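Below is one structure, written out as structure tokens; comments come after it.
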Amino acid sequence: MKKAYLAVRSAVLWTISGIHFAVVCTFLIFLAIFIDPRKNDWPQRLFFRNILRLAGVKFEVQRSPGFDPEKTSIFISNHVNIFDPFVLYSAVPQFLRGFELESHFKIPVYGWMMGRFGNIPVPDNPTRPGLELMTQRGKTALDSGISLLAFPEAGRTRDGHIQEFKKGIFNIAQKFGTPIVPVSLVGSYQFFQTGNWILYPGKIIVYLHDTIDTTEITRGEVDALRQRVQEIVSAPVEESLVGAKPQDV
């Protein structure tokens with residue numbers, strides 16, 4: 001009986017949120033033709049927050065005392081499902097754009113919208129010129145006061161646990177002395193799991209951890225920085241998985 005209820009509930013929520021997504025995205029695309037999306041943040045933020053409401057998930061943000069909302073930073077988060085960008089855009093109190101695979105920019109309409117919104121292409125098959133261009137685009141965004149979002153796992157979790165972080169984004173942070181903010185998405189996996197269409201009732205808590213200064217970090221310390229950030233992001237996520245019900249994990 002519970003499975004039937006969850007299936008019907010999920011079908012209704014997907015339909016409602018899908019219609020909302022289609023209508024509002026069309027409006028934002030039309031708006032982007034005339035107004036630079038980077039100068040018109042509030043309707044995008046409202047849209048992202050509404051997607052979460054219509055998907056039936058509760059939402060909470062917890063900021064550590066050492067989180068500095070005034071510093072342009074690189075936000076580094078675990079990657080769970082397709083709702084992550086909506087969650088993070090709703091949680092981070094800064095103008096935020098993300099790194100996204102270059103192939104996504106070739107998708108009709110969506111790719112144009114991501115480019116217009118200011119997301120930064122990441123080469124699907126990294127080459128030195130491609131990585132240098134990505135790095136330069138990242139620096140341009142940071143220099144203009146745009147904070148960036150990165151998912152260093154380079155893929156979504158399949159079991160709720162955090163995969164090993166890749167080193168690339170930490171090299172960029174160290175090279176430019178850009179602050180890093182570790183971010184933990186807790187409850188996202190219990191809400192919606194990649195490979196399954198059911199939307200479970202629940203709450204997503206976003207932990208914005210202390211801002212980490214990178215100006216004194218040397219190239220030889222980048223790997224230690226990567227491990228440190230991964231441990232910070234992992235701690236509340238792994239704790240949330242302990243004792244969870246089998247259907248939730």
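Identify, by number, the condition in (1) open to solvent by 20 Å² or more (accessible area, probe 1.4 Å); (2) at pLDDT below 80; (3) of a type outside the set (A, V, I, L, M, F, W, C) that Gly111 doesn't meet.
Here Gly111 clears every test but (1).
Quick one: which residue in Arg49, Arg38 is within 19 Å of Leu199 (Cα to Cα) and open to solvent by 30 Å² or more (accessible area, probe 1.4 Å)?
Among Arg49, Arg38, only Arg49 is within 19 Å of Leu199 (Cα to Cα) and open to solvent by 30 Å² or more (accessible area, probe 1.4 Å).
Can you name the residue in the range 1-32 that is modelled with pLDDT under 85 and farther than 22 Å from Gly98 by Cβ and is also most open to solvent (accessible area, probe 1.4 Å) among such residues?
Looking at residues that are modelled with pLDDT under 85 and farther than 22 Å from Gly98 by Cβ, I get Met1.
Take Lys71 and decide whether it is open to solvent by 70 Å² or more (accessible area, probe 1.4 Å) and in contact with a Pro (Cβ under 7 Å, 6 or more places away or on another chain).
yes
Going through the range 44-56 one residue at a time, which ones are more than 13 Å from Ile16 (Cβ to Cβ) and either touching a residue at least 24 places away in the same chain (Cβ under 8 Å) or not aliphatic (A, V, I, L, M) (or both)?
Residues satisfying the conditions are Gln44, Arg45, Phe47, Phe48, Arg49.
So how many residues does the range 144-175 have that are within 23 Å of Pro93 (Cα to Cα), among the polar types (S, T, N, Q) and open to solvent by 40 Å² or more (accessible area, probe 1.4 Å)?
The total comes to 1.
Given the options Thr178, Thr194, name the one that is in a loop (DSSP other than H, G, I, E, B) and surrounded by 21 or more Cβ atoms within 10 Å (Cβ to Cβ).
Just a single option satisfies the conditions, and that option is Thr178.
Considering only residues that are open to solvent by 80 Å² or more (accessible area, probe 1.4 Å) and either touching a helix residue (DSSP H, G or I) at 6+ places or on another chain (Cβ under 7 Å) or under 24 Å from Pro93 (Cα atoms) (or both), which ones fall in the range 126-139? Even if it seems obvious, please write down each step before you answer.
Within the range 126-139, the first condition is being open to solvent by 80 Å² or more (accessible area, probe 1.4 Å), and the residues that meet it are 126, 128-129, 132-133, 136-137.
Passing the criteria: only Arg137.
For residues that are in contact with a Pro (Cβ under 8 Å, 6 or more places away or on another chain) and open to solvent by 10 Å² or more (accessible area, probe 1.4 Å), tally how many sit in the range 181-191.
Counting residues in the range 181-191 that are in contact with a Pro (Cβ under 8 Å, 6 or more places away or on another chain) and open to solvent by 10 Å² or more (accessible area, probe 1.4 Å) gives 1.
The values are calculated or read from the model by the stated rules, or taken from the named source; none is laboratory data. Everything numeric here is computed off the predicted structure, so don't read it as measured data. Cβ coordinates were reconstructed from backbone atoms using ideal geometry, including for glycine residues, and neighbour counts include every protein chain displayed. Calculation scope for accessible area: heavy atoms of the full protein, side chains included, ligands and nucleic acids excluded. Shrake-Rupley method; radii C 1.70, N 1.55, O 1.52, S 1.80 Å.
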